[in-house]
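Enquirer: One structure coming up, written as structure tokens, with questions to follow.
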Amino acid sequence: MDRDEARMLARMIMREMEADHNADLAPKWQHGMVIFKPLDPLLKQHELPIERFMHKVVMMRDNLRVLEQQINANKSLDTGEKVKLQSYITRIYGSMTSFNFIFADDDDKFRGVSGE
């Protein structure tokens, strides 16, 4: 196993360990509601319990981690292709940092390029 493969394996193990941790909602948001209010007052707004919204965000995070593991473990991709695909995932994590305010624990939050 070369250095890059060892790093990818270590990253996979870290992600797997993180996936075992349930993400908790920050206490100030518990039992709250997410309200999507359209600009047009004739249109109905949409309300969603924040726990359900949080569940969806956590599912996206967990599925991204699985995708990352699948890419890193894929034998048919060369290192350059893996790095390229990994960079897309990192950018997605960066975009999803907008949702970090709902997490109680900093370890559950999304990290982009600067967080690695």
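Enquirer: Please report, in debye to the nearest 20, how large the charge dipole of the chain is about its Cα centre when each Lys and Arg carries +1 at its beta carbon and each Asp and Glu carries -1 there.
Expert: My answer is approximately 380 debye.
Enquirer: Another question, then. Based solely on its DSSP helices, what 222 nm [θ] is calculated for the chain when runs of n ≥ 4 H residues each add -39,500 (n - 2.57) and the sum is averaged over all residues, nearest 500 deg cm²/dmol?
Expert: The per-residue figure over the chain is -17000 deg cm²/dmol.
Enquirer: Output the relative contact order of the chain, whole-number percent, from Cα pairs under 8 angstrom with separation of 6+ residues.
Expert: Relative contact order comes out at 29 percent.
Enquirer: Quick one: which residues, 5+ away or cross-chain, put their amide H under 5 Å from the amide H of Leu25? H built at 1.01 Å from N.
Expert: HN-HN under 5 Å from Leu25: Ala104.
Enquirer: Name the longest site-free stretch of the chain, where the excluded sites are trypsin sites (Lys or Arg not before Pro) in a DSSP loop with no more than 12 other beta-carbon atoms within 10 Å.
Expert: 1-43
Enquirer: Rg over Rh of the chain, using C-alpha atoms and the Kirkwood radius, what does it come to?
Expert: Working: Rg = 17.4 Å, Rh = 16.1 Å.
Rounded to two decimals, Rg/Rh equals 1.08.
Enquirer: What angle do you read, to the nearest 10 degrees and between 0 and 90, between the alpha-carbon axis of helix 79-95 and the longest principal axis of the chain?
Expert: 20
Only the coordinates and a few stated rules stand behind these numbers; no lab work does. Just so we're clear, the structure is a prediction, and the values are computed from it rather than from any experiment. Cβ: placed from backbone, ideal geometry, glycine included. Neighbour counts: every protein chain shown.
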